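Before any comments, here is the structure.
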Amino acid sequence: MHQRSSRAAAVRRRKIGLVVALVVIAAVAVVTAFVWPGFARQEAEPLPDVTVTAAPPTPTAEPADLPEDATELLSSMPGSVLQLVRLEAAEDTGFEEDTEAVEAWGLTYGDGSDGGAEVALRVGQWADADAAGEVHGALLEAAGDTTAEGDVTVGGEVVGTYAVTPGEQPGTSVVTWRNDTVVLQARGPEQLVQDFYQAFPL
């Protein structure tokens, strides 16, 4: 009888010891996970933002040829800007007479499709920067209140200013800018003409 009681007590002690050991192991696991070093509480690091930039649109039509005797200024006008190509170029005699420009041109850019959106570009060159600045100022005054403006820089050097003004028709804009002795003014659909100016190489 005494032996069975001793054996039963030993079994109970082993069971209690096992339970205590399991409790200790569980406590250690909890402490390890949530107190030190705390890896279970660490939030996953957010993934870096990925910006996908669409390729700029490209033209699907061929630009109109310039005359063989095109001046240096006219030759500097690009054949295409984004998806727009040069559709025509003609001398702007009115600009020359009214502002005493050395030379002036009117160009039309479009995607070449029937009824497609177009940008009308007027460009002139004057004998010096002061004369060009006066014309630039007069054009801006005539265009109305600006909605955006800033410096025109070439190679990190400020060579003029630009300004965006509302067009005559709803949904259109005018961008007027100067690059030293050259003044340019583009008119067209609001977003298109602003994209055109941003991509224009002069």
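Among the numbered conditions (1) in contact with a Leu (Cβ under 7 Å, 6 or more places away or on another chain); (2) in a helix (DSSP H, G or I); (3) not aliphatic (A, V, I, L, M), the only one that Gly137 does not meet is (1). Restricting segment 50-66 to residues that are open to solvent by 60 Å² or more (accessible area, probe 1.4 Å) and at pLDDT 90 or above leaves a set whose member that is farthest from the chain's Cα centre (by Cα) is Asp65.
Restricting attention to segment 170-202, the residues being in contact with a Gly (Cβ under 7 Å, 6 or more places away or on another chain), in a loop (DSSP other than H, G, I, E, B) and polar (S, T, N, Q) number 0. Only one of the numbered conditions (1) within 17 Å of Leu73 (Cα to Cα); (2) without any contact (Cβ under 8 Å) to a residue 24 or more places away in the chain is not met by Val183, and that is (2). Among the residues of segment 76-99, those that are exposed (fewer than 15 other Cβ atoms within 10 Å of the Cβ) and part of a helix (DSSP H, G or I) comprise Thr93, Gly94, Glu97, Asp98. Of the residues Glu168, Glu149, Glu190, the single one that is more than 22 Å from the chain's Cα centre (by Cα) and open to solvent by 40 Å² or more (accessible area, probe 1.4 Å) is Glu168.
Scanning segment 146-169 for residues that are of a type in the set (Gly, Ala, Ser) and either touching a helix residue (DSSP H, G or I) at 6+ places or on another chain (Cβ under 9 Å) or not in a strand (DSSP E or B) (or both) yields Ala148, Gly155, Gly156, Gly160, Ala163, Gly167.
Could you list, in sequence order, all residues of segment 100-111 that are within 32 Å of the chain's Cα centre (by Cα) and open to solvent by 50 Å² or more (accessible area, probe 1.4 Å)? Across segment 100-111, the qualifying residue is only Asp111. Evaluated against (1) open to solvent by 40 Å² or more (accessible area, probe 1.4 Å); (2) modelled with pLDDT of 95 or more, Asp114 falls short on exactly one condition, (2).
Out of all the residues in segment 124-134, which are hydrophobic (A, V, I, L, M, F, W, C), part of a helix (DSSP H, G or I) and more than 21 Å from Leu107 (Cα to Cα)? Within segment 124-134, Ala129, Ala131 meet the criteria. In the set Gly137, Gly160, only one residue is open to solvent by less than 30 Å² (accessible area, probe 1.4 Å) and of a type outside the set (A, V, I, L, M); that residue is Gly160.
The values are calculated or read from the model by the stated rules, or taken from the named source; none is laboratory data. Computed from a predicted structure; not experimentally measured. No Cβ is skipped: glycine too gets one built from the backbone with ideal geometry, and neighbour counts run over all protein chains shown. Protein only, heavy atoms only, side chains kept; ligands, DNA and RNA dropped before computing areas. Shrake-Rupley method; radii C 1.70, N 1.55, O 1.52, S 1.80 Å.
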